[in-house]
1. Give the residues of the range 131-145 that are more than 12 Å from the ligand (Cβ to nearest atom), surrounded by 13 or more Cβ atoms within 10 Å (Cβ to Cβ) and either more than 21 Å from Pro85 (Cα to Cα) or not aromatic (Phe, Trp, Tyr) (or both), sorted by residue number.
2. Among the candidates Ala123, Ala194, Ala143, single out the residue that is small (Gly, Ala, Ser) and farther than 22 Å from Ser41 by Cα.
3. Restricting to the range 17-55, name every residue that is loosely packed, with under 15 Cβ neighbours inside 10 Å and of a type in the set (A, V, I, L, M).
4. Would you confirm whether or not the range 167-174 contains a residue that is exposed (fewer than 13 other Cβ atoms within 10 Å of the Cβ) and within 12 Å of the ligand (Cβ to nearest atom)?
5. For the range 197-216, give me each residue that is over 24 Å from Gln45 (Cα atoms) and in contact (Cβ under 8 Å) with a residue 24 or more places away in the chain.
6. Scan the range 39-89 residue by residue and report those that are within 14 Å of Tyr106 (Cβ to Cβ) and more than 10 Å from the ligand (Cβ to nearest atom).
7. So Thr214 ticks every box in (1) polar (S, T, N, Q); (2) surrounded by 18 or more Cβ atoms within 10 Å (Cβ to Cβ); (3) assigned to a helix (DSSP H, G or I) but one. Which box is left unticked?
8. Specify the residue that is nearest to Pro134 (Cα to Cα); the eligible residues are those in the range 154-186 that are without any contact (Cβ under 8 Å) to a residue 40 or more places away in the chain and part of a helix (DSSP H, G or I).
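Bear in mind these aren't lab numbers, they're just calculated from the coordinates by the rules spelled out. Nothing here was measured: the structure is a model prediction, and the numbers come from that model. Every residue, glycine among them, receives a Cβ derived from its backbone with ideal geometry; neighbour counts consider all protein chains shown.
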Amino acid sequence: MTRSSENLSPELHEYLVAHSSPVDEVLVDLAAETRRLFPASAGMQIGPEQGLFMTALTRLMGARDVVEVGTFTGYSSICLARGLPSDGTLLACDVSEEWTSVARRYWQRAGVADRIDLRIAPAIETLRALPEEPLFDLAFIDADKEGYVGYWEAVVPRVRSGGALLVDNVFSHNRVLDPAQTSPAVQGIRDFNAHALADERTETVLLPIGDGLTLARKR
Ligand SMILES: C[S@@+](CC[C@H](N)C(=O)[O-])C[C@H]1O[C@@H](n2cnc3c(N)ncnc32)[C@H](O)[C@@H]1O
């Protein structure tokens, strides 16, 4: 579950949320509807403080063009799109019509639908079909963990110099520390973390938000 930063006590998380800007009704309703419709998958959604952070970062950077890999029911895409100017764009990549049909409804409610271009296809195909040019100011990667190195390699050349990448779940629910954990998803995250660290095109910091969030700046 990544609905709260995982290595905080519940009390400290409650305090953190209470002392951050309030989360509006659209996102509260989206989180509740996602829990109701997809209880087994709802934990994939980012939490409130991560959403606020992503909106703030998008705005602080003055980002106009953003790509998201892994949209689900739309929480993170709304947080990114809200940080954009009214003529900004968010390219959203996912494979699920069912999950993103919920996202489409909430994009309308949030007033950001006109900024979002949803592509339903394996994200690696969507990304590789784009011109290899600095199209994006900011990228957010949050899809299948085995694909992270591939997404990174597809995205880094398409982010402008001085732009940024955010990559979710880089602690793999603390399993990165446990050598007994050898599932493809955990190993995918370990491989990704080593890969990003060694990449001289970027400078990287892992933030303890949610389930670990890498923030990388493209040199
Ligand atoms: C962790 S969830 C994304 C959560 C979302 N960022 C949020 O905050 O609500 C991962 C998403 O990646 C999508 N996904 C999985 N494999 C994919 C692939 N190969 N290409 C594109 N999307 C994929 C899933 O359908 C799912 O919606």
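1. Listed by number, the residues that qualify are Pro134, Leu135, Asp137, Leu138, Ala139.
2. Result: Ala194 is the single residue among Ala123, Ala194, Ala143 that is small (Gly, Ala, Ser) and farther than 22 Å from Ser41 by Cα.
3. Ala18, Val28, Ala32, Leu37, Ala40
4. Within the range 167-174, not a single residue is exposed (fewer than 13 other Cβ atoms within 10 Å of the Cβ) and within 12 Å of the ligand (Cβ to nearest atom).
5. Initially, the range 197-216 is screened for residues over 24 Å from Gln45 (Cα atoms), giving 197-203.
Selection gives Asp199, Arg201, Thr202.
6. Matches in the range 39-89: Ala81, Arg82.
7. If we test Thr214 against (1) polar (S, T, N, Q); (2) surrounded by 18 or more Cβ atoms within 10 Å (Cβ to Cβ); (3) assigned to a helix (DSSP H, G or I), just (3) comes out false.
8. That would be Pro157.
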